[in-house]
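Asker: Would you mind keeping the following structure in view while I ask a few things?
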Amino acid sequence: MSRIVMKFGGTSVADLDRIRNVARRVKREVEAGHEVAVVVSAMAGVTNQLVKWCQDLSPLHDAREYDTVVATGEQVTIGLLAIALQAEGVDARSWQGWQVPIRTDGAHGKARVEAIEGAELIRRMRMGQVPVVAGFQGIGPDNRVTTLGRGGSDLSAVALAAAVRADRCDIYTDVDGVYTTDPRIVPRARKLERISYEEMLELASVGAKVLQTRSVELAMKQRVRVQVLSSFEERPGTLVVDEDEIVEQPVVSGIAYSRDDAKVTLRRVPDRPGVAAAVFGALARANVNVDMIVQNIGADGLTDMTFTVGKADLARAQDVLEKAREEVGFEALLADPEVAKISVVGIGMRSHAGVANTMFRALAEKGINIQVISTSEIKVSVLVGAEYTELAVRALHTAYGLDAPA
Ligand code: ADP
Ligand code: ASP
Ligand code: MG
């Protein structure tokens, strides 16, 4: 007998038939003698709609009220799944974040989980009851509802698995595992039987939405065994494991893309000490994260500085930089949201040279211009025009020999 946390994403609970399907899956695990807790997302599309309503009313809305609104999607699905389970003869009870409670910090809209009290859930699981817990939401220090950032139900599931000391955390979604790249863009992407925490973390952080970044971070830290699998098909999924559990390590294991970034260029900035500190200090104080950065070689004491910020932060970044214009002393501020970040990831890069070169050559052959480059120990990322996203991902997938046999 094991204790399992099963998490179902938005497409898996998109309508009543799918909720019934989820109930049958849960019932099977219960009948196999396991203790089960379930985490669910909102029905597909619901959170997007809720976010849009907030934005349409006021682009710079109060983050506390945003959380009040966007957390409601999960309240509906926990109730519906509990009803569906009961209809299947399974003892089940719904739990909102505050009822568990799932305690978070007060960063509304992107709160961090601080503690989960698992004792009551464990007691009920031992009695054979299935707790159905709302993903994405928690309760902050001010006793108000918080949310964990988009895709945050994965984090809820992993944090819950750690809190109840589950043997496994199964993430059910609309693909049957983690692939070498998004299978919706590259039909010849290959499913990975296993992937290391490190690589999954890097892939998630550069855009592979199959698992939310912080959920992987937490799974790695707490040693939670995560499996990604399909809620529609009966096949083993992908296990996220320690590096040393992977026998053959390819140099590049995956390719990811993100259209969530925007490029900012400050033209003709004074080339002197303190300028970067003024630019990035102002952005940091406004809570704007900066990702890739390049600064060109200066001429006549002036230089261009280019960096990326999240698209959602672009308006705020422009506002902050305009206000700091005098201190920084740039001539023009150019903003370009029509960019995509393409990244290749692999632990094998630590010991292999030439990985970046293969990337640059493959992109050049397709006539794709590279605007910004950044690297880490196991990753190379480039910024390209958004219109090249699919072409670049496919070209790189082929260039690194990742295509499945035709
Ligand atoms: P859920 O609603 O179940 O949380 P998501 O839409 O958040 O599902 O994540 C699943 C999606 O992630 C897939 O439909 C797929 O398009 C996308 N994806 C991106 N990169 C990958 C990858 N490397 N492997 C598998 N899926 C990926
Ligand atoms: N419903 C939330 C979202 O769409 C959380 C999740 O699905 O993981 O972002
Ligand atoms: Mg998701």
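Asker: Count, please, the residues in region 1-45 that happen to be touching a residue at least 12 places away in the same chain (Cβ under 8 Å), more than 23 Å from Ala159 (Cβ to Cβ) and acidic (Asp, Glu).
Answerer: 1
Asker: What strands (runs of 3 or more DSSP E) completely inside region 152-251 contain at least 3 residues that are surrounded by 23 or more Cβ atoms within 10 Å (Cβ to Cβ)? First the steps, then the outcome.
Answerer: Values: elements: 168-173, 194-196, 226-230, 238-241.
Answer list for region 152-251: 168-173.
Asker: State all residues of region 26-63 that are away from ligand 1 (no atom under 16 Å from the Cβ), assigned to a helix (DSSP H, G or I) and over 22 Å from the mean Cα position of the chain (by Cα); if no residue qualifies, say none.
Answerer: The first filter runs over region 26-63 and keeps only residues away from ligand 1 (no atom under 16 Å from the Cβ), leaving 27-37, 52-63.
Next cut, assigned to a helix (DSSP H, G or I) only: 27-31, 52-57, 63.
Matches in region 26-63: Lys27, Arg28, Glu29, Val30, Glu31, Trp53, Asp56, Leu57.
Asker: Got a sec? Which of Asp154, Asp167, Asp176 is under 24 Å from Arg28 (Cβ atoms) and touching an Asp or Glu at 6+ places or on another chain (Cβ under 6 Å)? Don't jump to the end; show me each part of the working.
Answerer: Values: Asp154 fails: touching an Asp or Glu at 6+ places or on another chain (Cβ under 6 Å); Asp167 fails: touching an Asp or Glu at 6+ places or on another chain (Cβ under 6 Å).
Matching residue, one of Asp154, Asp167, Asp176: Asp176.
Asker: Next up: Is it the case that region 60-82 has a residue that's modelled with pLDDT under 95, more than 17 Å from Pro141 (Cβ to Cβ) and not acidic (Asp, Glu)?
Answerer: yes
Asker: Sticking with this one: Can you name every residue in region 1-20 that is in a helix (DSSP H, G or I), crowded, with 17+ Cβ neighbours inside 10 Å and away from ligand 3 (no atom under 16 Å from the Cβ)? Spell out the reasoning first.
Answerer: Pass one, region 1-20, residues in a helix (DSSP H, G or I): 10-13, 16-20.
Now narrow it down to the ones that are crowded, with 17+ Cβ neighbours inside 10 Å: 10-13, 18-19.
The answer is Ile19, and nothing else.
Asker: Right, next: Being buried (at least 17 other Cβ atoms within 10 Å of the Cβ) and within 16 Å of ligand 3 (Cβ to nearest atom) is true for just one of Val30, Val70, Val36. Which residue is that? Please lay out each step first, then the result.
Answerer: Values: Val30 fails: within 16 Å of ligand 3 (Cβ to nearest atom); Val36 fails: within 16 Å of ligand 3 (Cβ to nearest atom).
So the residue among Val30, Val70, Val36 that is buried (at least 17 other Cβ atoms within 10 Å of the Cβ) and within 16 Å of ligand 3 (Cβ to nearest atom) is Val70.
Asker: Of everything in region 140-151 that's within 17 Å of the chain's Cα centre (by Cα) and surrounded by fewer than 20 Cβ atoms within 10 Å (Cβ to Cβ), which residue is nearest to ligand 2 (Cβ to nearest atom)? First the steps, then the outcome.
Answerer: Quick first cut of region 140-151, residues within 17 Å of the chain's Cα centre (by Cα) only: 147-151.
Now drop any that are not surrounded by fewer than 20 Cβ atoms within 10 Å (Cβ to Cβ), which leaves 149-150.
Values: Gly149: 8, Arg150: 4 Å.
The selected residue is Arg150.
Asker: Is there a residue being within 15 Å of ligand 3 (Cβ to nearest atom), under 30 Å from Glu199 (Cβ atoms), surrounded by fewer than 22 Cβ atoms within 10 Å (Cβ to Cβ) and not aliphatic (A, V, I, L, M) anywhere in region 117-139?
Answerer: Taking every residue of region 117-139 in turn, none turns out to be within 15 Å of ligand 3 (Cβ to nearest atom), under 30 Å from Glu199 (Cβ atoms), surrounded by fewer than 22 Cβ atoms within 10 Å (Cβ to Cβ) and not aliphatic (A, V, I, L, M).
The values are calculated or read from the model by the stated rules, or taken from the named source; none is laboratory data. The model shown is predicted, which means the values in this text are computed figures rather than measured ones. Because the Cβ atoms are built from the backbone with ideal geometry, glycine has one as well, and the counts that use them run over all protein chains shown.
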